[in-house]
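Working notes for the structure below.
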Amino acid sequence: MSAPSINLDFVGRRAPLTLVSSALLLLGVAAAAGTWLEYRHLESRRAGLELRLEAAQRRVQRDPAAELRTAGFSAEAGRVAQELGTPWTRLLAELEAASRESTGSVAVLSIEPDHAKHNVHITGESRDLPLVLAYLQRLQTSSLLRYPMLDSHDVKTDDPQHPVRFAMTAEWRELP
């Protein structure tokens, strides 16, 4: 018994292209193009959503350095608001009026507010101690200052006129 022979024809004629096969080829190419376009559309939409998500995360995510700067600005703004809250015009007018009433012989050298305690520290100079005490007594009648007290006084012996340098503290009142 012998095996039947197999006849392979590698160069044979192809089947002719029919209308149905051409339509199926065009339908397959159109489906592939439609799928590719849909993929591109979804890919661009995904990229846009990722950008929006990243932006939202940046808004939510806190930057410690930025928070420190903001806290510093807030503290500075609070300090400036306190400075502006000091009744400087009335306070200076009151000190000037008291100095004028002492015949101008008391010179105010510095005024330092302490906002936490609502105090003001005044440093000045006068010809003698009785003028300082009169100045202090005049400030005790002030409606803006409460409890003015002499903290210290010192006679300057190195100056030929021997002026008295003094320091005093008073509490300022908030008047409407």
Where a residue in region 61-73 is on the phi > 0 side of the Ramachandran plot and its partner, wherever it lies, is surrounded by 10 or more Cβ atoms within 10 Å (Cβ to Cβ) and modelled with pLDDT of 75 or more, with Cβ under 7 Å and at least six apart:
none
Quick test of your reading of the structure: Ala15 fulfils all but one of (1) exposed (fewer than 10 other Cβ atoms within 10 Å of the Cβ); (2) assigned to a helix (DSSP H, G or I); (3) of a type in the set (A, V, I, L, M). Name the failing condition by number.
(2)
Being within 30 Å of Ala75 (Cα to Cα), in contact with a helix residue (DSSP H, G or I) (Cβ under 7 Å, 6 or more places away or on another chain), crowded, with 18+ Cβ neighbours inside 10 Å and hydrophobic (A, V, I, L, M, F, W, C), is that true of even one residue in region 162-170?
yes
Only one of Ala98, Ala33 that is in contact with a Lys or Arg (Cβ under 7 Å, 6 or more places away or on another chain) and surrounded by 10 or more Cβ atoms within 10 Å (Cβ to Cβ)
Ala98
Consider Val120 carefully, then state whether it is among the β-branched types (Val, Ile, Thr), touching a residue at least 12 places away in the same chain (Cβ under 8 Å), within 19 Å of Trp172 (Cβ to Cβ) and in contact with a helix residue (DSSP H, G or I) (Cβ under 6 Å, 6 or more places away or on another chain).
no
Taking the options Arg127, Arg146, name whichever one is touching a residue at least 24 places away in the same chain (Cβ under 8 Å), among the charged types (D, E, K, R), closer than 12 Å to Trp172 by Cα and out of contact with any Cys (no Cβ under 6 Å at 6 or more places or on another chain).
Arg146
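Does region 118-154 hold any residues that are exposed (fewer than 13 other Cβ atoms within 10 Å of the Cβ) and either touching a Leu at 6+ places or on another chain (Cβ under 7 Å) or of a type outside the set (Phe, Trp, Tyr) (or both), and which are they? Quick ask: steps written out before the conclusion?
First, pick out the residues of region 118-154 that are exposed (fewer than 13 other Cβ atoms within 10 Å of the Cβ): 130, 137, 141, 143, 147, 149, 151-152, 154.
Correct list: Pro130, Gln137, Thr141, Ser143, Met149, Asp151, Ser152, Asp154.
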Quick test of your reading of the structure: Thr169 fulfils all but one of (1) of a type in the set (S, T, N, Q); (2) assigned to a loop (DSSP other than H, G, I, E, B); (3) in contact (Cβ under 8 Å) with a residue 40 or more places away in the chain. Name the failing condition by number.
(2)
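Name the one entry in Thr89, Thr70 that is closer than 30 Å to His115 by Cα, β-branched (Val, Ile, Thr) and surrounded by fewer than 10 Cβ atoms within 10 Å (Cβ to Cβ).
On the way: Thr70 fails: surrounded by fewer than 10 Cβ atoms within 10 Å (Cβ to Cβ).
That would be Thr89, the only listed residue that is closer than 30 Å to His115 by Cα, β-branched (Val, Ile, Thr) and surrounded by fewer than 10 Cβ atoms within 10 Å (Cβ to Cβ).
The values are calculated or read from the model by the stated rules, or taken from the named source; none is laboratory data. None of the values given here were measured: they were computed from a predicted structure. Methodologically, a virtual Cβ is constructed for each residue, glycine included, from the backbone with ideal geometry; neighbour enumeration extends over all protein chains shown.
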